[in-house]
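Student: I have a structure here, written as structure tokens, and I will follow up with some questions on it.
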Amino acid sequence: MQLLHNITIDHYLYFSVALFCLGIAGILYRRNAIIMFMCVELMLNAVNVALVAFSKLYGQTDAQVFVFFIMVVAAAEVAVGLAILMMLYRNMHTTDTDVLDKLKF
Amino acid sequence: MLTEYAFWFLTFVALFSAIGMIISKNPVYSVLSLIVTFFAIAGHYFLLNAQFLAAVHIIVYAGAIMVLFLYVIMMLNLNKVDEEKRSVWSKAAAVASFGILLVVISAAIGHGQSQQTAIAAASNFGTTETLGLSLYKDFLIPFEISSVLFLSAMVGAVYLSKKEQYN
């Protein structure tokens, strides 16, 4: 069970869960779309930490390749998402999600 | 013993700078706090024998993605303290849902019976060589498809940020 000296897989899972919940809390807490976007990045990284810890536990590199693909998707997502935010700001002059509520049910 | 201290140090740095990212009013400070979090996560990768992944993480996240965020904040001129006029109740609800979710998932982890024992990894585990072999032999098709994903993301970003009114 031990990955490092006295550090088990559970420690890494608790750390990953704490980061993930902080990301969710940030999305609920903030109304600035850019900060919410950064919280999504934080949640992706929380999953990456868990994947790398499991990769060490099982002695296989497959999970590290998955982390690569998550990074690829995150980079593509940031490029498109920031372009959308730029266009929103150009047309609406705000990134506040309390104002950008036209799609709200 | 030293790795244990390093684990706790990196964990607390990552968590506290993540909290700082959420609660700081200035978006630039939020970006800087998130960069500190990413460096701490890269340190965790080093501890877990994923040296190449740690280097890539620093290059991609701290070097590219967060710089992109900083540029957008600068271009949109958002680097002023934004007055968020939200009720205390909605913020309290956010904090409460954070706590409840944390307790639920942590309890799920605590009750899980993990039978698996750690497997002693090979000495070249996590190096560029083993990772490259795995990426180009077992995961060649997803690797090629991800290049198409990047191309479409690039075209989409250029198309979206054209100076044109859509309304």
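Student: Can you give the convex hull volume per residue for the Cα atoms of the stretch A:2-92, as a whole number of Å³?
Tutor: Numbers: hull volume 6.8 nm³, N = 91.
Measuring per residue, one finds 75 Å³ for the Cα hull of the stretch A:2-92.
Student: Something else now. GNM on chain A, C-alpha springs below 10 Å: top fluctuator among A:Leu13, A:Leu28, A:Leu42?
Tutor: A:Leu28
Student: Also, I was wondering about something else. Select from chain B the helices, each a whole stretch of DSSP H, whose alpha-carbon atoms run 24 Å or more along the helix axis and whose Kyte-Doolittle mean is at least 1.6; answer none if there are none.
Tutor: Details: long enough: B:2-23 (32 Å, 1.79); B:27-47 (30 Å, 1.66); B:88-111 (34 Å, 1.68); B:140-160 (30 Å, 1.84).
Long hydrophobic helices here: B:2-23, B:27-47, B:88-111, B:140-160.
Student: Within chain A, what is the longest stretch that has no trypsin sites (Lys or Arg not before Pro) placed in a DSSP loop and near at most 10 other beta-carbon atoms within 10 Å? Please list the in-between numbers first.
Tutor: Values: sites that count: A:Lys102, A:Lys104.
My reading of the result: A:1-101 is the longest stretch.
Student: Another question, then. Mean-square fluctuation check for chain B, GNM, Cα pairs under 10 Å: which of B:Ser146, B:Ser134, B:Ser24 is largest?
Tutor: Looking only at B:Ser146, B:Ser134, B:Ser24, the biggest GNM fluctuation is shown by B:Ser146.
Student: Now, a different point. What's the magnitude of the charge dipole for the protein assembly as shown around its Cα centre, counting Lys and Arg as +1 and Asp and Glu as -1 at the beta-carbon? Answer in Debye, nearest 20. All intermediate terms of the calculation are to be shown ahead of the outcome.
Tutor: Working: 14 positive and 15 negative charges, 143 e Å.
I would put it at about 680 debye.
Student: Let me ask something additional. Provide the descending list of Cα extents for the stretch B:1-76 along its principal axes, expressed in whole angstroms.
Tutor: 46, 26, 11
Student: Could you estimate the translational diffusion coefficient of chain B from the Stokes-Einstein equation, with Rh from the Kirkwood formula over C-alpha pairs, at 10 °C and 1.306 mPa s, in whole µm²/s? Can you show the working numbers first?
Tutor: On the way: Rh = 20.1 Å.
Using the Kirkwood radius from Cα pairs, D works out to 79 µm²/s.
Student: Between A:Val73 and B:Val67, take the C-beta separation as r, use R0 = 22 Å, and let me know the FRET efficiency to the nearest 0.05.
Tutor: Working: r = 19 Å, r/R0 = 0.85.
Given R0 = 22 Å and the Cβ-Cβ separation, E is 0.70.
Student: Go through the stretch A:92-105 residue by residue and turn each phi into a ³J(HN,Hα) via Karplus (6.51, -1.76, 1.60, θ = phi - 60°); whole Hz please, and just put x for glycine and proline.
Tutor: Once θ is set to phi - 60°, the couplings for the stretch A:92-105 become 10, 6, 7, 10, 7, 6, 6, 8, 7, 10, 6, 8, 6, 6 Hz.
Student: I'd like to know how the protein assembly as shown sits against the 2.2 N^0.38 Å rule of thumb: what's its Cα Rg over that expected value?
Tutor: Details: Rg = 19.7 Å, N = 272, 2.2 N^0.38 = 18.5 Å.
Ratio of Rg to 2.2 N^0.38 Å for the protein assembly as shown: 1.06.
Laboratory data are not the source of any read-out in this text; all were calculated from the coordinates shown. Predicted model only: the values in this text are computed from it and were never measured. For neighbour counting, all protein chains shown are included, and Cβ atoms are generated from backbone atoms with ideal geometry for every residue, glycine included.
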